[in-house]
Amino acid sequence: MAIQNFDVAIVGAGLVGSSLALALRDTGLRVALVEARVPQAVPVDASWDNRIYAISPGSAQFLEQLGIWSALDAQRMTRVEAMAIFGDDGQSRLDFSAYEAGLGQLAYIVESRLLQAALWQALEAAPHVQLFCPATCAALVIEVDAARLTLEDGTEINAQLMVAADGAHSWVRQQAGIKASDKSYQQLGVVANFATTLPHQGTAFQWFQPEGILAYLPLPGNRMSMVWSLQEALAQDLLQLAPSELSARVAEASNQRLGVLELITPAAAFPLHLIEPETLIQPRIALVGDAAHQVHPLAGQGVNLGFADAKVLASVLAERGLLGCGDVYLLRRYARARREEILAMQRVTDGLQNLFNRSWPMLGWVRNVGLAATNRLTWLKQQLLKQALGNP
Ligand SMILES: Cc1cc2nc3c(=O)[nH]c(=O)nc-3n(C[C@H](O)[C@H](O)[C@H](O)COP(=O)(O)OP(=O)(O)OC[C@H]3O[C@@H](n4cnc5c(N)ncnc54)[C@H](O)[C@@H]3O)c2cc1C
């Protein structure tokens, strides 16, 4: 089979890899996008995806530049206008309000499949991108002049730069010999959607509790999406419950904040890890998205970090001048530009997780006083907010 030459080959067409491929459209670069899964169309029924993302205004602006944000069905999205975070003493709380911060919204809540389908649709019409899908990667050899990827069907893809956008357990990262530390939180993130009897009024709620971190994200109408990070055994117990028992259990954990709940999508669970590769780049290789960093979902920032990777890498490649795409001097600009934000998010999410995951009495006092004090410190709240908004 003939060898096909590209400037950039991206392995993984999840949200991050797809957005990177689209973002490269005005750079004059020829892009290959390799994906293992078959693209799914959005069902035309009224069902809801149980994978829901809090998308920061910064990410929304990036997706708007890619031409896909305005094309999303606004009826299926919610603007988060306020956030209420509660400590484990039942009293201390931290509040954020878009109105007080002079913003239209703090975040948008969007279904994963809606975003993914919009990105795939735009890619099918993108002349600079060649899709290899569904495809299975068989071998990757990194040479001085190119990275050479062989697919299981014998197709050979040569690229100046190979981008790993293939998720937390990245095959490309492993083939490139980039080591990554992997700390399991020994927790599962349990997700499910519910109808509620009380309105959420555009508020996202989060409870830091001894048994785990519970979040309610507002969906259109009287509905919400839950993410509950729990020790594996507790999470498994939850998954065994009948729909009515699960609904009652989740409502009870929030002290009936949104009234009586009714399960509207089956619960699903995801293992939670902190994955930190030793580097984001090496000659002819760049890591983006979860392949570059997997963080605890308590801040709802994983895919937002990934979109920022895609945006920065695309702009570094656009401004490559005389350097080749896989040149390590060029790739260092990407790594330098992303290092601080990624590190800050890894430390904040890991630190908070550890702080609320311990039952030492003194720590209980520290975390609740800390939450209440932060609520009174306008400057600190603004800094936290700035981080979460993702440079709108
Ligand atoms: C419970 C939970 C809740 C979350 N909530 C939020 C939130 O509210 N906001 C937020 O910002 N983030 C959130 N996240 C994080 C978010 O899910 C991830 O950061 C995001 O999905 C990473 O996207 P990605 O494209 O990098 O990787 P992935 O979504 O893992 O996509 C990788 C793609 O690569 C493909 N692939 C893998 N291996 C290969 C291969 N060898 N060859 C070809 N293709 C391959 C896969 O099929 C897939 O399409 C949450 C995570 C969890 C677990």
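See the values below:
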read-out	value
Accessible area in square angstrom per residue, the chain, 1.4 angstrom probe	45
Distance between modelled label sites at VAL38 and ALA242, nm, 7 Å Cα→Cβ extension	3.6
The chain, accessible surface, carbon-and-sulfur percent (1.4 angstrom probe)	54
Region 239-310 versus region 117-175: alpha-carbon centroid distance in Å	26
Helix axis angle, 243-253 relative to the chain longest principal axis, alpha carbon, degrees	70
Student exercise, the chain dipole from Lys, Arg, Asp, Glu Cβ charges, in Debye to nearest 20	860
Span from the region 63-113 Cα centroid across to the region 2-57 one, whole angstrom	24
Kirkwood hydrodynamic radius over Cα pairs of the chain, then Stokes diffusion coefficient at 25 °C and 0.890 mPa s, in µm²/s	112
Residue among ALA292, ALA139, ALA314 with the largest mean-square fluctuation in a Gaussian network model of the chain, springs linking Cα atoms under 10 Å	ALA139
Extension gain (nm, one decimal) between GLN4 and LYS183, 0.36 nm per residue minus Cα-Cα	60.6 nm
Mean residue ellipticity (222 nm) of the chain, computed from DSSP H runs ≥ 4 via -39,500 (n - 2.57), nearest 500	-10500 deg cm²/dmol
ASN255 versus LEU355: modelled label distance in nm, points set 7 Å from Cα along the beta carbon direction	2.0
Tilt relative to the chain, helix 112-124 - C-alpha long axis, 0 to 90 degrees, to 10	20
Estimated distance in nm for a label pair at ALA233 and LEU343, the labels positioned 7 Å out from Cα along Cα-to-Cβ	3.8
Acute angle (nearest 10 degrees) that the helix 328-357 long axis makes with the longest principal axis of the chain, alpha-carbon atoms	20
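The values are calculated or read from the model by the stated rules, or taken from the named source; none is laboratory data. These figures come from a predicted structure and were not determined experimentally. Virtual Cβ from ideal backbone geometry, glycine too; neighbours counted across all protein chains shown. In case anyone asks, the SASA skips ligands and DNA or RNA and just uses the protein heavy atoms, side chains included. Shrake-Rupley method; radii C 1.70, N 1.55, O 1.52, S 1.80 Å.
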